[in-house]
Amino acid sequence: MKTLGDLFRGNEEWARAVDENDPQFFQKLAEQQSPKYLWVGCSDSRVPANQITGLQPGEVFVHRNIANVVLQTDLNLLSVVQYAVEVLKVEHVIICGHYGCGGVQASVDGERHGLVDNWIKGIGDIAESRADELNALDEKDRLDRLCEMNVETQAHNMSKTTIVQDAWQRGQMVEIHSWIYRLNDGRLRSLGDPIVG
Ligand code: CO
């Protein structure tokens, strides 16, 4: 296992490599943050937004929580969305889930996990309301499909936030994208056309 000292050494090596490649990089980054994308993803450590998209720090504004949930009552998420849309003026909001999501799985396994059960309750509700479609699949495909349904639902929720609705009312372009990531092969996939105002 790496020690915390290893993390500082890793940081030093990374910063030096970036400096060598682009001596202006950190100065430019410090002076301006102008990401074009807001990423709402799962907290899962294996799905780091800028790494899997090949983006640099400064290019993507990120919010992550367990199972990439978008709730109209989540002040943390809403504050991030408001800043991203109204101040940074991002044009693309990406809701990115992943197959094999532990949060999605926990919402349907019938066990108690603690506080998180309240957080993921809405995903269990999706599974219940679409049980016919899900039950027609075998077990692994069922979880995968629920991960997709969750992304689509959260993208829909995002499109209904006052912040996105107000932006569209003003004529500001904001597209809401539903993406999913596969841990086994590192590939991202779009689940369909974006939601636009
Ligand atoms: Co997850």
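In the context of the full set of protein chains, segment 1-143 has a per residue accessible area of 63 Å² (1.4 Å probe).
Pairs of lysine residues in the chain that meet both criteria, 8 or more places apart or on different chains and Cα atoms under 29 Å apart, total 7. Computed from the Cα positions only, the extents of segment 19-129 along the three principal axes stand at 53, 30, 22 Å, in decreasing order. The relative contact order of the chain, computed from alpha carbon pairs under 8 Å that lie at least 6 residues apart in sequence, is 21 percent. What number comes out for the charge environment of PRO35, summing +1 per Lys or Arg and -1 per Asp or Glu over other residues with Cβ under 12 Å away? For residues surrounding PRO35, the net value is 0. The slack between GLN56 and GLN82, meaning 0.36 nm per residue of separation minus the straight C-alpha distance, is 7.1 nm.
Helix content alone sets the calculated 222 nm mean residue ellipticity of the chain: runs of n ≥ 4 DSSP H residues at -39500 (n - 2.57) each, divided across all residues, give -13000 deg cm²/dmol.
Say we join alpha carbon atoms closer than 10 Å with springs in a Gaussian network model of the chain; which of GLY122, GLY54, GLY102 then has the biggest fluctuation? Evaluated over the chain, the most mobile residue of the options is GLY54.
Qualifying GluC sites (Glu not before Pro) in segment 108-186, where qualification requires a DSSP coil assignment and no more than 14 other C-beta atoms within 10 Å, comprise GLU111. What separates the Cα centres of segment 106-150 and segment 1-41 is a distance of 37 Å.
Counting Lys and Arg as +1 and Asp and Glu as -1 over every other residue whose Cβ lies under 12 Å from the Cβ of ALA167, the net charge comes to -2.
Taking segment 43-58 and a reference point 7 angstrom along Cα→Cβ of PHE25, the backbone N atoms nearer than 11 Å belong to 56-57.
Shape class for the chain: oblate, because the ratio a/c of the largest to smallest gyration tensor axis (alpha-carbon atoms, square roots of eigenvalues) is 1.5 or more and b/c is at least a/b. Surface composition of the chain: carbon plus sulfur atoms hold 50% of the accessible area, using a 1.4 angstrom probe and ignoring ligands, DNA and RNA. The modelled label-to-label distance for the pair ASP193/SER43, using points 7 Å beyond Cα in the direction of Cβ, is 3.6 nm.
The values are calculated or read from the model by the stated rules, or taken from the named source; none is laboratory data. Only a predicted model underlies this, so the values are computations on that prediction, with no experimental measurement involved. Virtual Cβ from ideal backbone geometry, glycine too; neighbours counted across all protein chains shown. Accessible surface areas use protein heavy atoms only, side chains included; no ligands, DNA or RNA. Shrake-Rupley method; radii C 1.70, N 1.55, O 1.52, S 1.80 Å.
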